[in-house]
Amino acid sequence: MFPIKPMREINNLDQRANNSRQQSASQKFIAIAFSKIVSLWPADSRDWALAMQAELPQMESTQQSLSWLAGGIMSLGKAWWNGATSSDNKKDLAPVKKPGILAALVTVAALAILLIPSANQGLRAVVTSWQPNHEAAQRGQLLRIAREAELRGDAKTVAFVAMRVDSLPDSVSLSNKAVSMDPSLTWILSQGFYRTSWIPGARGWSAKLEAWDPGNAVAFLVRAQERVAELNPDLNPITQSPREQIENDPRWLDDGRKALESPRFDSYRNRRLALDRDVLRSLGTTDPEIVGSDGLRAGWISTWPVQKYSSQLLKDAKAASERGDKQTAKRDAWVVAHFGEIMRAHGESEVDRRSGISFMRSGYAVLQPLLAAEGRTDEAAMVAEELEAIRPGAPGAGAFTIWTDSFMSRIKVTGIEMHLSAAFAILFSSALLLAGIWLLGAAYSEDFRSGGFYRASCRIARHAPTGLLASLALLAATYSPVADAVTEYLNKPISNATTENLAGMYFSVSWPVQFLKYSNLAPYHPMFWMIVMALGALTILTIIGRNLLNRTMRLKTA
Amino acid sequence: MATRFGTSEQMHSSKQMRTSKQTLALLNALVAKPTQWHYGYALSRETELMSGTLYPILMRLEERGWLETQWETSEALPEDRAGRPPRHMYRLTAGGRAWATEALAAARGASKSKSARATLKPARQHTRILLGDPELERA
């Protein structure tokens, strides 16, 4: 007869079975991890790893096993260290291969790569971007340039710094200084106004702009931005302001109306780029973080009040059409479409032109049926043709090459390659330098000619030059488009493609660092992560390389 | 074999092993039953040393010829451990016993002279407990 167990005991058995299943899964994982430790242990003392492994079945709990595993990892580290540093190592019996003429030639070739501008500039630009306080350093450098320019009466350079410096009070004060030194630079007051409008020193800039360049819609757009700052004096108008409160403000909407009815639209983008290039050339800088950081921002003016006012106007036009007031409806639709035509014709950037096309599309869409209904068939057909030409996706409607997914992934991949190859170059050159110092010591003293460090130095001196050569060549190749974009921006006629390309290249240099900075890894120095990643990549490559080599040897032996 | 410090034999005799409190704790456990074979896990529990500390010390003792090591043979395994892998066992060599006794006596002497002067730090107190300091036992 089998004894019948009470239900509670059976349940308890189930629970224990569960626990034991969980335990066996974790024990299995620990056993696998320990096997890895054994395989990584130096061959001449592997018995000790096996000894530790043999104790694992004695552990009474997962926690004890984990603690034993941690001890195994620690002991493995110590065994590696002893293997590398111990002078009575058994490996000392094997002859060590010293670096020869080939290693010296490869080192010279690697250093010669630094003579190529793209490798040289690339290494400097990437390493500079790793400095954790390089924004503050850049700000300090820009302010020093502005002070020197002010002393020699160089208003253009003061304006250049005013438009680039990230400290807003400095930007406002330098803008005022530059305009007082040279009133023909008044247009700079419109640049970056979306970020400086709430700084007290920037009040009244729209009036100055309107007086200096009457008829330009931009002055009214700047004034609308001033209203936003007045409504929310303590907040950043772009990111923090309550949208509804602003859009219902009649004075703000009236600024939108005045901009919409202006005969001209000049965002001063080309003036800004010309000034930028002049000053950059005179400063002689090729750092992509300085050259490329401003290209896309140049001439960026928010048309938010015009968009809001025009949509209100088009709603009114539709209402007027419904009640039979075709004249008012046509006039309002024309005003919107006409502003779009002006923006498309005068706009100096792809953003302006696309914005203009969008206004045209909304105006024409209301106007076309009104003209057709009136029997003005020729005009209606022309407007319909125009609408077809500017429909989204049409060849004439313009398209951004930047910000597409493929463009952005290309930038990211280039950035990773660039930063990793620079990290590799630093890693190999540091190792080579240390090995060189040890081997120099070995040339003069017998004491340095044995032991793990001597063997490691010989090995590094034989292999690291190849790594250095490869990493510098990769850096030169990946940085080459950046160097080309910088040269093109500084020396050739400006096109949208030039600024977009430059901005893209600037992002490829800055993206990996920005990624590290804004992730949770921020407390650590970017260089730390770059070297960790390079070491990780090197380890993986070494493991793969050794496995391939072993397989080839096994095949040959077979 | 010639190294930058001399021959291996010279090194074995001339290089002194650092007798840290962990080493002393281990020596104490090994000296207590000098002829018996000890297992790593049992030593770890007895001395409260983590495996990452214990094994490097065992390795150094063996390297200097003070520790004898041996693998269990499968025939000698007790019934309840049948099918489990053989374990590594340790005991002090004759030279190791002499050196360990000397090192433990020196440590006892040092701890006695210090105890008259200052209050012991917890770690040292632990070592003295392990060494069986009569003063502490009295307290």
Exercise for the section: Assuming R0 = 51 Å, can you tell me the calculated FRET efficiency for the pair A:D447 and A:F528, based on Cβ-Cβ distance, to the nearest 0.05? Expected result: 0.95
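Once fully extended, how much extra length lies between A:D325 and A:A394, figured as 0.36 nm per residue of separation less the alpha-carbon to alpha-carbon distance?
21.5 nm
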Handout entry: Average partner coverage of A:40-50, which counts Cβ from other chains inside 10 Å
Key = 2
Exercise for the section: Taking 7 Å along the Cα-to-C-beta vector as the label spot, tell me the A:F407-A:S480 distance in nanometres, rounded to one decimal. Expected result: 2.3
Completion exercise
So for R0 = 25 Å, FRET eff. of A:L105-A:L541 from the Cβ-Cβ r, to 0.05, ends up at 0.60
Exercise for the section: Using only protein heavy atoms and a 1.4 angstrom probe, determine the accessible area buried between A and B, summed over both sides, in Å² to the nearest 100. Expected result: 2500
Completion exercise
SASA check, A:D316, accessible area w/ 1.4 Å probe, all protein chains in place, rounded to nearest 10 Å², comes out at 70
Practice task
Quantify how strongly other chains surround peptide B:84-94 by giving the mean number of their Cβ atoms within 10 Å of each of its Cβ atoms.
Solution key: 3
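Rounded to the nearest 0.05, what FRET efficiency do B:W71 and B:T19 have when you use their Cβ-Cβ distance and R0 = 22 Å?
The pair B:W71/B:T19 has a calculated efficiency of 0.20.
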Problem - Probe 1.4 Å - accessible area at A:E385, Å² to nearest ten - result: 130
Completion exercise
Between A:A384 and A:T552, the two model label points (7 Å from Cα along the beta-carbon direction) sit apart by a distance in nm of 7.1
Practice task
Can you tell me which of A:202-212, A:169-179 comes out highest on packing, and rank the rest after it, using the mean Cβ neighbours within 10 Å?
Solution key: A:169-179, A:202-212
Practice task
Please go through the residue pairs A:K78/A:K98; A:K208/A:K517; A:K258/A:K412; A:K28/A:K78; A:K78/B:K33 and name each one whose alpha carbons sit more than 31 Å apart in this structure.
Solution key: A:K208/A:K517; A:K258/A:K412
Problem - For chain A: accessible area per residue (Å², 1.4 Å) - result: 52
Fill in the blank from the handout: Low-density loop trypsin sites (Lys or Arg not before Pro), segment A:105-156, at most 15 other Cβ within 10 Å, DSSP non-H/G/I/E/B, are A:R152
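In peptide B:48-55, how many Cβ atoms from other protein chains are near each Cβ within 10 Å, on average?
Per residue, the number of nearby Cβ atoms from other chains is 6 on average.
Determine, for each peptide in A:59-68, A:256-265, A:188-197, the mean count of other beta carbons within 10 angstrom over its residues, then list the peptides with the highest first.
A:188-197, A:256-265, A:59-68
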Problem - Gain in span if fully extended, A:L434 to A:S67, counting 0.36 nm per residue against the direct Cα distance - result: 128.5 nm
Handout entry: Apportionment of accessible area to carbon and sulfur, chain A, percent (1.4 Å)
Key = 60
Problem - For A:W438, solvent-accessible area (1.4 Å; no DNA, RNA or ligand), Å² - result: 60
Handout entry: Computed helical MRE - 222 nm, chain A, DSSP H runs ≥ 4 contributing -39500 (n - 2.57), nearest 500
Key = -25000 deg cm²/dmol
Fill in the blank from the handout: Length gained if A:Q514 through A:T377 is fully extended, taking 0.36 nm per residue and subtracting the Cα-Cα distance, is 43.7 nm
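The values are calculated or read from the model by the stated rules, or taken from the named source; none is laboratory data. Everything quoted here is computed from the prediction, not taken from an experiment. Positions of Cβ are backbone-derived with ideal geometry, glycine not excepted, and every protein chain shown enters the neighbour counts. In case anyone asks, the SASA skips ligands and DNA or RNA and just uses the protein heavy atoms, side chains included. Shrake-Rupley method; radii C 1.70, N 1.55, O 1.52, S 1.80 Å.
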